[in-house]
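Visitor: Here it is, the structure in full.
The values are calculated or read from the model by the stated rules, or taken from the named source; none is laboratory data. These numbers were taken from a predicted model, which means no experiment stands behind them. Here the Cβ positions follow ideal geometry from the backbone for every residue, glycine too, while neighbour counts run over all protein chains shown.
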Amino acid sequence: MVRAIRGATTVDSNTEEEIVKHTSDLLLEIAKKNNLKEEDIISIFFTATKDINAAFPAIAARRIGWTSTPLMCGEEIDVPGSLQKCIRVLVHAETSLTKDEIKHVYLRDAVSLRPDLTERKKINIAIDGPAGAGKSTIAKMLSKLLKVIYLDTGAMYRAVALKAIRNGINTKSEYDVEQMVKDINIEIKYINNEQRVYLDGEDVSTQIRTPEVSVGASDVAVFPAVRIKMVEIQRQIAMQNDVVMDGRDIGTFVLPDAPFKFFLTASPQERARRRYNEMLEKGQVCKSYEEILEEILYRDKNDSQRAFAPLAKAKDAIEIDSTDMLPEEVAQKMMSYINEKI
């Protein structure tokens, strides 16, 4: 029988590399889900939204070795409000599968086009804990082990703090910060599998990692207007992707229904030592260990005592004290819990 198979995906930017990579992933997933070889495929029709023109999506088929399949590209109708940076495919193939057995494939943001076809809930992993507990390090390890997106939520609050500092706004002034975030534009992009943070169109991934911004991020994070705006972005990413997030209130507020929740902690002294050594290795030491410890204690108090979504362990979270553990040991302990359920 000849069957038609639909699929779609999105790209982060209008580049040949992005177009070829994500279109290739889509084609290979369609073939895998439907047990197809190239000789089974009769033809493929591609469409792309008008904001994609750096390359023909059909190039991807040639790059993966599908050299004998007829291909055609076209522009998707530009409907106002429709999904942008989207590539759609229609594959005609010979197969013994019935119409009901055919697997249509929607990847990345394109899952929003056919949520009814989602095969399982997203793997959402929440890692909460105080500053310096190693949350980001462990979250990155898990993202590589599980091949899921890592979202550093703290980077968003750092971006807010950076804008306030640049504009001479006191990060402790709720009114001024609230007015500022009304038109702030923060985007999270993944370039070469690395998270990059954009503030009003500028890549600030490096600028947000200073001690001044760290303290400012803890200040602005207590304001409801800031948290609400950031959480909207975070939840949208989690709805569309398998993701591991770390922060202060991921399991209690941002993703309360996440199937995997961890609360990672360590003694204040150990956390200060780690932060000091990290800065020492990067040649960024401008404060003593005692000063960093004081900042850690300040952030702990600030994060745990804020009125809106404070730092707290979710009731169903697994607590891990990493004071005397290596990062690899922590990651493997978390993986043992995760592997029991997936």
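Visitor: Can you say whether residue 290 is surrounded by fewer than 16 Cβ atoms within 10 Å (Cβ to Cβ), of a type in the set (Asp, Glu), at pLDDT below 90 and farther than 23 Å from residue 163 by Cα, as far as the supplied structure shows? It would help to see each step written out before you state the result.
Guide: On the way: surrounded by fewer than 16 Cβ atoms within 10 Å (Cβ to Cβ): yes; of a type in the set (Asp, Glu): yes; at pLDDT below 90: no; farther than 23 Å from residue 163 by Cα: yes.
So residue 290 fails the test.
Visitor: Could you name every one of the helices (runs of 4 or more DSSP H) located completely within the range 149-221 that has at least 2 residues being within 30 Å of residue 21 (Cα to Cα) and more than 23 Å from the chain's Cα centre (by Cα)? Show your work before the answer.
Guide: Numbers: elements: 153-166, 174-181, 211-220.
Per the criteria, no element qualifies.
Visitor: Follow-up question, since we're still on this one. Name the single residue, out of those in the range 32-71 being aliphatic (A, V, I, L, M) and outside any loop (DSSP other than H, G, I, E, B), that is farthest from residue 21 (Cα to Cα). Don't jump to the end; show me each part of the working.
Guide: Filtering the range 32-71 down to residues aliphatic (A, V, I, L, M) leaves 36, 41-42, 44, 48, 52, 54-55, 58-61, 64, 71.
So of that shortlist, the ones also outside any loop (DSSP other than H, G, I, E, B) come out as 41-42, 44, 48, 59-61, 71.
Numbers: 41: 20, 42: 22, 44: 17, 48: 14, 59: 10, 60: 7, 61: 10, 71: 17 Å.
It comes out as 42.
Visitor: Could you say which residue among 120, 114 is of a type in the set (Lys, Arg), surrounded by fewer than 16 Cβ atoms within 10 Å (Cβ to Cβ), in contact with a strand residue (DSSP E or B) (Cβ under 6 Å, 6 or more places away or on another chain) and at pLDDT below 95?
Guide: Values: 120 fails: in contact with a strand residue (DSSP E or B) (Cβ under 6 Å, 6 or more places away or on another chain).
Just one listed residue meets the conditions, 114.
Visitor: Has the range 14-21 got any residue that is touching a strand residue (DSSP E or B) at 6+ places or on another chain (Cβ under 6 Å) and not assigned by TED's automatic domain parsing to the domain that holds residue 188?
Guide: Narrowing the range 14-21 to residues touching a strand residue (DSSP E or B) at 6+ places or on another chain (Cβ under 6 Å): none.
No, the range 14-21 contains no residue that is touching a strand residue (DSSP E or B) at 6+ places or on another chain (Cβ under 6 Å) and not assigned by TED's automatic domain parsing to the domain that holds residue 188.
Visitor: If you go through the range 322-339 one residue at a time, do you hit one that is loosely packed, with under 12 Cβ neighbours inside 10 Å and among the basic types (Lys, Arg)?
Guide: no
Visitor: Restricting the search to the range 156-180, which residues are crowded, with 20+ Cβ neighbours inside 10 Å and farther than 20 Å from residue 279 by Cβ? Before you say what the answer is, go through the steps one by one.
Guide: So the first thing to find is which residues in the range 156-180 are crowded, with 20+ Cβ neighbours inside 10 Å, and the list is 156-164, 171, 177.
Listed by number, the residues that qualify are 156, 159, 160, 163, 164, 171, 177.
Visitor: Whether any residue in the range 90-107 is buried (at least 24 other Cβ atoms within 10 Å of the Cβ) and part of a helix (DSSP H, G or I) is what I want to check. Before the answer, list the steps.
Guide: Initially, the range 90-107 is screened for residues buried (at least 24 other Cβ atoms within 10 Å of the Cβ), giving 91, 93, 105.
Still in the running and part of a helix (DSSP H, G or I): none.
No - not one qualifying residue is present in the range 90-107.
Visitor: Examine the range 6-15 for a residue that is free of Cβ contacts under 8 Å to residues at least 60 places away in the same chain and either under 25 Å from residue 188 (Cβ atoms) or touching a Gly at 6+ places or on another chain (Cβ under 8 Å) (or both), and state whether such a residue exists.
Guide: So in the range 6-15, the residues free of Cβ contacts under 8 Å to residues at least 60 places away in the same chain come out as 15.
Next, only the ones that are either under 25 Å from residue 188 (Cβ atoms) or touching a Gly at 6+ places or on another chain (Cβ under 8 Å) (or both) stay: 15.
Yes, some residue in the range 6-15 is free of Cβ contacts under 8 Å to residues at least 60 places away in the same chain and either under 25 Å from residue 188 (Cβ atoms) or touching a Gly at 6+ places or on another chain (Cβ under 8 Å) (or both).
Visitor: Look through 329, 278, 270, 294 and report the one residue that is farther than 25 Å from residue 144 by Cβ, assigned by TED's automatic domain parsing to the domain that holds residue 194 and part of a helix (DSSP H, G or I).
Guide: Working: 329 fails: farther than 25 Å from residue 144 by Cβ; 278 fails: farther than 25 Å from residue 144 by Cβ; 270 fails: farther than 25 Å from residue 144 by Cβ.
When all the criteria are applied, what remains is 294.
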